[in-house]
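Here is the structure we will look at, set down as structure tokens.
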Amino acid sequence: MINMNTNDYIDLFDELEDGEELNNFINKDKRRQRFPEKHFKDVRNASAGFVAPQDDSLGSFKFTYKAARFEEWWLLDSLGSFYEYQWIKDVLRRVKGGKEASVYQCLSGPAVNDRLAAAKVYRPRALRNLRNDGVYRAGRADLGADGKVVIDDGQLHAMQKKTEYGRELLHQSWIAYEFTSLQALHAAGADVPQPYTMAHNAILMGYIGDEEMSAPALSEVNLERSEAAKVFDRVLYNLDIFLKNERIHGDLSAYNILYWDGDISIIDFPQVVSPHVNKDAFTIFQRDVKRVCDYFARQGIKSDAQKLAEKMWSSYGYQIFEPEVIE
Ligand SMILES: Nc1ncnc2c1ncn2[C@@H]1O[C@H](COP(=O)(O)OP(=O)(O)OP(=O)(O)O)[C@@H](O)[C@H]1O
Ligand SMILES: [Mg+2]
């Protein structure tokens, strides 16, 4: 069995990015041998309510989406457990390919009570940014594949030392934060996609949009003034729920708010921080509020971002640590 490690992944993605012809890289007959699906620990039952695995093996997981050869392997590896446990039946298309993750429109399986689901598949490349994640990780306990705080000494040590294993654990923690934040905020009534399940490299959530088109982000939409006022109120309502649930989004802007049929869905939570323990929390919160206000100012809704942030923050009695400049 060949064990792919983090660097192997990154090298492969680099080759892919460099436009190198990878189509022949993986000889189909040898694919399973070269890239075994299960070299990561399975974390398929991160969410309650998962159903029994299908009898047939992953070998039957063929999808409609025409992926490039390496991407196909990456999807098989990342989404295989969702298929096995009947969360999804098919991958229909790629909604968006990004620097950190790609999102795919999937046909749901019986475990999901909706026709479509969105799978966010993280790129190993994301590991490279770990050195920049300090501001978000400060005071934030790392989470394991089960979404619980890591307490194992060996694992804590590996993460502290940023060994390869440690970096994989940190990657997992990043994903677990996204998933557990969606769980908590969805349960609290916030406008976020419904989280279904999490795997070692992907999360499955409610899909926003329809068959043909995924929901645009607010950044791609111009709103009538009256609609803008309504949507602005709704965003603030959500920020309030976030604060009440001790979370700051940390990368909020019109790019991470989807808009569909007059409703919003806030996405993209891996960098979420706690107002209690992160000394930059208020600065991060202010930045979130300012970016939101900037967008709505362009839609004709003027507001004082600074005052708004202070008012919301102090209404929960959160402390303002001595501010530090962050990018
Ligand atoms: N639940 C969803 N339903 C429909 N589309 C979604 C969903 N989640 C994400 N998307 C689409 O995928 C894109 C990327 O998702 P997300 O912002 O979570 O990832 P990201 O890694 O931050 O990507 P980026 O760097 O482009 O922001 C979104 O801008 C949106 O177009
Ligand atoms: Mg995003």
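Coordinate-derived values only; no laboratory data. Bear in mind the structure is a predicted one, so any value in this text is a computation, not a measurement. Note that we place each Cβ from the backbone using ideal geometry, even for glycine, and neighbour counts take in every protein chain shown.
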May I have the extent of the alpha carbons of region 218-315 along their three principal axes, as whole Å values ordered from largest to smallest? 39, 26, 17
Förster-model FRET efficiency, 56 Å R0, Ser60 and Phe321, C-beta, rounded to 0.05: 0.55
Going down the table (Lys120/Lys279; Lys96/Lys161; Lys244/Lys302; Lys99/Lys230), which pairs top 27 Å between alpha carbons? Lys120/Lys279; Lys96/Lys161; Lys99/Lys230
Cβ-derived FRET efficiency at R0 56 Å, Met213 paired with Asp153, nearest 0.05: 0.70
Phi to ³J(HN,Hα) by Karplus 6.51 cos²θ - 1.76 cosθ + 1.60 over region 178-188, Hz, x for Gly, Pro: 4, 5, 5, 5, 4, 4, 5, 6, 5, 4, 7
Determine, for each peptide in 299-309, 213-223, the mean count of other beta carbons within 10 angstrom over its residues, then list the peptides with the highest first. 213-223, 299-309
Obtain the nm distance between the two label points defined at Tyr255 and Lys311 by a simple spin-label model: each point lies 7 Å from its Cα along the Cα-to-C-beta direction. 2.9 nm
If you keep only loop residues by DSSP, which GluC sites (Glu not before Pro) in region 158-215 have at most 12 other Cβ atoms within 10 Å of their Cβ? Glu211, Glu212
